[in-house]
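A.B. asks: Structure incoming, see below.
Just so you know, all these numbers are worked out from the coordinates, no wet-lab data involved. Note that the structure is predicted; figures quoted are calculated from it, not measured. When we count neighbours, we look across all protein chains shown, and the Cβ atoms used for this are built from the backbone with ideal geometry, even at glycine.
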Amino acid sequence: MLSFVRELIFMNAESVERKKTPRIVIIGGGFGGLYAAKELANQPVQMILLDRTNHHLFQPLLYQVATAGLSPGDIAQPIRHILKHANHLEVVLARGRRIGVRPGFDPGTLHELIMALEQA
């Protein structure tokens, strides 16, 4: 995942430098990551949200799906659908085990890193 994140960060570094648009990487699409993305949705920032699944699952109601009280669609929504009004957001499926900085990393290409990891 780290090399993939690095590629995303450097992918448009030149255009970002020209525009001076802050780049924010959000790791985790749970409540914390979604809340951060929603708060930044209408700000002049470029966001990349990384999560291991393409949906957000509200686990406290999972038992109601098991007992046929709710349909699965009632407690699980695609992340892109939840954040459909967010400007400049890219949702990427990725799974990582560690985070590090490679030699030669230019910290000017990444303005913020939000770690909003949920329990597995």
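A.B. asks: Nearest 0.05, what FRET efficiency do residue 74 and residue 101 give at R0 = 30 Å with Cβ-Cβ as r?
C.D. replies: About 0.15, to the nearest 0.05.
A.B. asks: Check residue 114: other-chain or 5+ apart residues with amide H under 5 Å from its amide H, H built from backbone geometry?
C.D. replies: Distant-sequence amide H within range of residue 114: 25, 26, 27.
A.B. asks: Could you list 38, 20 so that the one with the fewest beta carbons within 10 Å of its beta carbon is first and the one with the most is last?
C.D. replies: 20, 38
A.B. asks: Apply the a/c threshold of 1.5 to the C-alpha gyration tensor of the stretch 48-120 and tell me whether it is rounded, prolate or oblate.
C.D. replies: Values: a/c = 3.86, a/b = 2.10, b/c = 1.84.
The shape class here is prolate.
A.B. asks: Something else about it: Starting at the first residue of the stretch 31-44, write each ³J(HN,Hα) from the Karplus equation 6.51 cos²θ - 1.76 cosθ + 1.60 with θ = phi - 60°, in whole Hz, x for Gly and Pro.
C.D. replies: Along the stretch 31-44, the couplings run 4, x, x, 5, 5, 4, 5, 5, 5, 9, 4, 9, 8, x Hz.
A.B. asks: Applying 1/(1 + (r/R0)^6) with R0 = 25 Å to the Cβ-Cβ distance of residue 88 and residue 118, what FRET efficiency is obtained, to the nearest 0.05?
C.D. replies: That pair, residue 88 with residue 118, gives E of 0.55.
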